[in-house]
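The values are calculated or read from the model by the stated rules, or taken from the named source; none is laboratory data. All figures in this text were calculated on a predicted structure; none of them were measured in a lab. Every residue, glycine among them, receives a Cβ derived from its backbone with ideal geometry; neighbour counts consider all protein chains shown.
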Amino acid sequence: MLKKTLLSAAAFAALTSTANAQAACPIKVGVLHSLSGSMAISETTLRDVMQMLVAEQNAKGGVLGCELEAVVVDPASDWPLFAELTRQLLTVDEVDVIFGAWTSVSRKALLPVLEELNGLFFYPVQYEGQESSRNVFYTGAAPNQQAIPAVDYFIDELGVESFALLGTDYVYPRTTNAILESYLLSKGIAAEDIFVNYTPFGHADWSTIVSDVVNLGAGGKQVGVISTINGDANVGFYTELAAQGVSAADIPVVAFSVGEEELSGLDTSRLVGHLAAWNYFMSADTPENEAFITAWHEFIGDTDRVTNDPMEAHYIGFNMWVNAVEAAGTTDVDAVREAMWGQEFPNLTGGMAVMNANHHLSKPVLIGEIRADGQFDIISQTPEVAGEAWSPFLSESANWTSDWQELECGMYDTATETCVQLTSNY
Amino acid sequence: MLRCLCAFALIWPLVFGPLMAQDQPDTTLQSVLQTLQNDVTNPSRSTVNDVLAALIAADAPNTVPFLLAWSDRNVVQRPSDGAFFFTQEADGNVTLIDIDTGAEVATVSTRDVTQIRPNAGVQREIGAALVAFELTHPEADRRIAALDSAARSPDPDQLPAIRAARAEEEVPAIAARMDRLIALLVARYDQDSATRVAAIDALRGDVSTPARSVLNQLLQTRAEFADSLPDDVNIARIKTLGEDMALTAAYDVLVAANLAPPAPGRNAIRDALRGNIVDGAVGGVPIHDLDNDASRIRAYQALEDAGTVPPLVTEADMADAVSQYVFFDTYLEPDATVTDAVRAAQSSTTTKVALFQFLSLSFDALSLASIFFLAAIGLAITFGVMRVINMAHGEFIMMGAYTGYVVQTIIPNYTASLAVALPLAFAVTFLAGVVMERLVIRHLYTRPLETLLATFGISIALQQLAKNIFGTQARPLTAPDWLAGAIQVNDLVSVAAVRVGIFVMAGMFLLLLLYILNRTRLGLEVRAVTQNPGMAASMGINPDRINMLTFGLGSGIAGVAGVAIGLVAQVTSEMGANYIVQSFMTVVVGGVGSVFGTLAGAALIGALQKGIEWFNPANTLAAQTFMVLFIILFIQFRPKGIVALKGRAAGD
């Protein structure tokens, strides 16, 4: 019943907005990234990338014969403001698509508005999963595209048997660590070989925690650290590691939130050999990546600026959206959504990214070792892995799946064969 | 597998080395590598040992240099013919060097060849295979690296090679490390039980990580079960059901061994019921009654009696099945005398380990206390002496840290830049403090609430200013090399040198302040103004000037603290905000207006924080929360802090 109502509502919306969209030139692209406040440093770069991509597309003749116009707003790292500005973009500026957000909490804040107004949103950052909104395409990594392959690499290639899961105390590390803990247990790692610690944002006093980790080595097992430590706290953590003489050969650390941008604030000479897992590294040696980096340096006017994983996510997401709009022949949200399923676009690291029906990408997983120059040596690259919206390693979501194409549901319980809910207000 | 490899490796250079030098062998390294192409190009920890064995068995010249280059990621493959080359970087491009002849072949772009990047796990295996060759290398660094490799992948087959190298070793430090490694390997792997027990006894009371790790490894157990206790195994413990092992866990073990039927879960029961609906009823129970577990089980049992579904396993069934077996843990080490010796050695180590861990925690607490002291002492002066609540104190810390960062970008030598940064940070924040006092605080001396608001506003403004100038990305403040390492007492107790440096600095500032306050004219005047500004003014002291200097001094010390904190933590625009709360707590707990009070407050808070962290290592945030709770309680009982000023000095 609900599905039917929704469908007819969608069909109605499609009918009305198709007429609008085709008439409306220029096509508007909303950019919702914080340009001030604590997240500014990460998100400003993404605003710049979006402007570059829009300019490039316009140079190629725009989309559907229309110019593209970037509508940039500043949510100022203020989570409720993300919802506010989403409403403004969709109702006042009437944008056709929004690219934006970084933190999970900001995405959660804008979801209800987005679903209410049936907008189209591209989210470019690796996140904790456990979500699949009808209106969002997730171009960053889900846990199975970053965390799980990194743990597999630790177990298979480095022979790690004792794990320290260190994280900052908020939703992303807690959810990721919960998934990893149950994954490790399923891999036969004993519960006493998993050490978990959470620290506040900006934590500076790492000496005891690093000593605790070093002490795990007395158990006679190879120790490895999985770090979901976020932001500035990484500086103190890596400084303490170096000070206590912990080398990557003794205790390797793999980080999920440390990329080229973050390393630019660190003295990397003492971090050589520690690891990071992403879907993109700037050091990827492909013609596409070289062209992208050249274009980026030209656009930003500074050859010292680095590129990173969320930038690639926007690059893929934007190009997929352009292709989907061309395929649908309209910018109407529902038509574009349907054209998005199965969209393919080449990764900057080689291979093809594919948009799946659960609104997550299939992308390769890369593991890189930190080099002295702040870049990464790519030492492992998997074939494309399909992003999982729901983790099979958490009991609550073990039976859930997302498929907007066939099942028309983002939270579908395969055990009871019912759709749990359509909105993402969890 | 590795055994033959190592033995072979040992004799290889001795026997075949001279032979090869004389005449060309018929197998070139390139041809051997081509037979292993895929595993060389995509090395993995699981396949590398086969490659190493094959390479050493093939015994082509240049094998050792190739392994070193391979491990160092200096080998590339040309995709057109799959040939491998050594490489040399040549501005953006790479020069290919023939593996067999060492001749330069061509210079090509990096994209024309595939660089081979063995991961750390593979590098470790290659390092272990090279131990035998590298242990006798003329360069001491290479020998030490080889010893590290051998220690990381302990292997009994390396014993002869290490012993042989030990006989020739002349550097005492390296010889000592070799002896130690030999002792550990003997304890773990020697064939003779008595030798091992002797080696294990020697590890008694040894708190080093490798020694404890060997003991723990020897005590590794495996869970097993049998009809009755076997005599021929080394049993660690016998498990009592319900205490050491849950009934369902024990039953699951039997199911996994195919000794018992699996218990159907809720879903299996549901599916079975669903599949056996006959005329609106299952097993005689109408469907509308199947809304609770009891009736579902009744229906299932009816089906079970009819033989249509697998039997339901009740708790009694489980207990019955499990009672026929005995569950126990056995040591992987079959020799009981060895495990007894290990247990004895371990128990004598345990107390020592606990003691050293306590010591380590105490050092951490001292270090934290000294950082808190440095951060708070400036506040203690302004808050304690002048009764000004300066919310921008944290931003003076931040300002000092950024001063250090700017100096470091100008002066590349870290030691020199630190020597410049400390006084400069003092000067910059002294000036900032004086300016703030002159412009804002002077006008608000009698209105504490307005001071609080005004300084809070200034703190926000300063933060945003720092963001605009330096960006929000954390900036590095790198310690010079002599402060970069750690002072290592043993594997359990080590203190980062930079923390010791901060501790010393905190001590120096304590003495300096005591000297200024108690032994100088300025100190005398400060104390006079503190106790009674009106009387002090009538004695010819200018309270205005004293207030300004006091505020400058407090701010200046905050700047120096900023440089110190920047060395251990991160320099960001928000770093001050992280310390302002702790600083106020330190001052309030310690007792307002007293240098010794601040010292006591910092010591108490540092110790408390570490103590709570020790109880709850999983959540550092919780430790801070509990600490705040404790301080609230503490203030209830001692509102004036640990060191309360008495008499006239206490003012009102």
Which condition number in (1) over 28 Å from A:Glu262 (Cα atoms); (2) among the hydroxyl-bearing types (Ser, Thr, Tyr); (3) surrounded by fewer than 21 Cβ atoms within 10 Å (Cβ to Cβ); (4) at pLDDT 90 or above is the one that B:Tyr445 fails? (4)
Among the residues of region A:102-117, write down those that are part of a loop (DSSP other than H, G, I, E, B) and crowded, with 18+ Cβ neighbours inside 10 Å. A:Trp102, A:Thr103
Restricting to region B:74-101, count the residues that are at pLDDT below 85 and not in a strand (DSSP E or B). 2
Kindly indicate which of B:Asp148, B:Asp141, B:Asp112 is surrounded by fewer than 20 Cβ atoms within 10 Å (Cβ to Cβ) and either away from every other protein chain (no Cβ under 14 Å) or touching a helix residue (DSSP H, G or I) at 6+ places or on another chain (Cβ under 7 Å) (or both). B:Asp141
Condition set of a type in the set (Gly, Ala, Ser) and within 14 Å of chain A (Cβ to nearest Cβ), scope region B:309-363, selection farthest from B:Val197 (Cα to Cα): answer is B:Ser362
If a residue has to be assigned to a helix (DSSP H, G or I) and more than 12 Å from chain B (Cβ to nearest Cβ) to count, how many in region A:153-172 make the cut? 2
The lone exception for B:Ala129 - which of (1) closer than 25 Å to B:Thr28 by Cβ; (2) surrounded by 19 or more Cβ atoms within 10 Å (Cβ to Cβ); (3) free of Cβ contacts under 8 Å to residues at least 60 places away in the same chain; (4) away from every other protein chain (no Cβ under 14 Å) it fails: (3)
Provide a single number: the residues in region A:45-88 that are of a type in the set (A, V, I, L, M, F, W, C) and either over 14 Å from A:Leu35 (Cα atoms) or in contact with an Asp or Glu (Cβ under 6 Å, 6 or more places away or on another chain) (or both). 12
In the list B:Leu254, B:Leu215, B:Leu259, which residue meets the criterion of being surrounded by 13 or more Cβ atoms within 10 Å (Cβ to Cβ), among the aliphatic types (A, V, I, L, M), more than 14 Å from chain A (Cβ to nearest Cβ) and assigned to a helix (DSSP H, G or I)? B:Leu254
Surrounded by 11 or more Cβ atoms within 10 Å (Cβ to Cβ), assigned to a helix (DSSP H, G or I) and not acidic (Asp, Glu), is that true of B:Leu312? no
If we take region A:247-360, then strands (runs of 3 or more DSSP E) inside it with 2 or more residues that are of a type in the set (A, V, I, L, M) are A:253-255, A:275-278, A:352-355
Out of the residues in region A:247-256 that are crowded, with 23+ Cβ neighbours inside 10 Å and not aromatic (Phe, Trp, Tyr), which is nearest to the other protein chains (Cβ to nearest Cβ)? A:Pro252
Search region A:206-226 for residues being assigned to a loop (DSSP other than H, G, I, E, B) and more than 7 Å from chain B (Cβ to nearest Cβ), and hand back the single one that is surrounded by the most Cβ atoms within 10 Å (Cβ to Cβ). A:Trp206
Scan region A:177-205 for residues that are touching a strand residue (DSSP E or B) at 6+ places or on another chain (Cβ under 8 Å), within 13 Å of chain B (Cβ to nearest Cβ) and either in a helix (DSSP H, G or I) or surrounded by 20 or more Cβ atoms within 10 Å (Cβ to Cβ) (or both) and jot them down. A:Asn177, A:Glu181, A:Asp193, A:Asn197, A:Tyr198, A:Thr199, A:His203
Working only within region B:436-481, note down all residues that are of a type in the set (A, V, I, L, M) and assigned to a loop (DSSP other than H, G, I, E, B). B:Val440, B:Ala474, B:Leu477, B:Ala479
If you go through region A:166-202 one residue at a time, how many are small (Gly, Ala, Ser), touching a Phe, Trp or Tyr at 6+ places or on another chain (Cβ under 6 Å) and more than 23 Å from B:Ile612 (Cβ to Cβ)? 1
Picked from region B:482-499 (must be touching a residue at least 60 places away in the same chain (Cβ under 8 Å) and part of a helix (DSSP H, G or I)), the residue surrounded by the fewest Cβ atoms within 10 Å (Cβ to Cβ) is B:Trp482
At least 2 residues that are touching a strand residue (DSSP E or B) at 6+ places or on another chain (Cβ under 8 Å), within 13 Å of another protein chain (Cβ to nearest Cβ) and at pLDDT below 85 in each: list the helices (runs of 4 or more DSSP H) lying fully within region B:547-652 that qualify. B:620-637
Would you be able to say whether some residue in region A:82-89 is among the polar types (S, T, N, Q) and free of Cβ contacts under 8 Å to residues at least 40 places away in the same chain? yes
Looking at region B:417-426, can you tell me whether even one residue there is in contact with a helix residue (DSSP H, G or I) (Cβ under 6 Å, 6 or more places away or on another chain), buried (at least 22 other Cβ atoms within 10 Å of the Cβ) and under 16 Å from B:Ile458 (Cβ atoms)? no
Restricting attention to region A:227-242, does a residue exist that is surrounded by fewer than 18 Cβ atoms within 10 Å (Cβ to Cβ) and within 13 Å of chain B (Cβ to nearest Cβ)? no
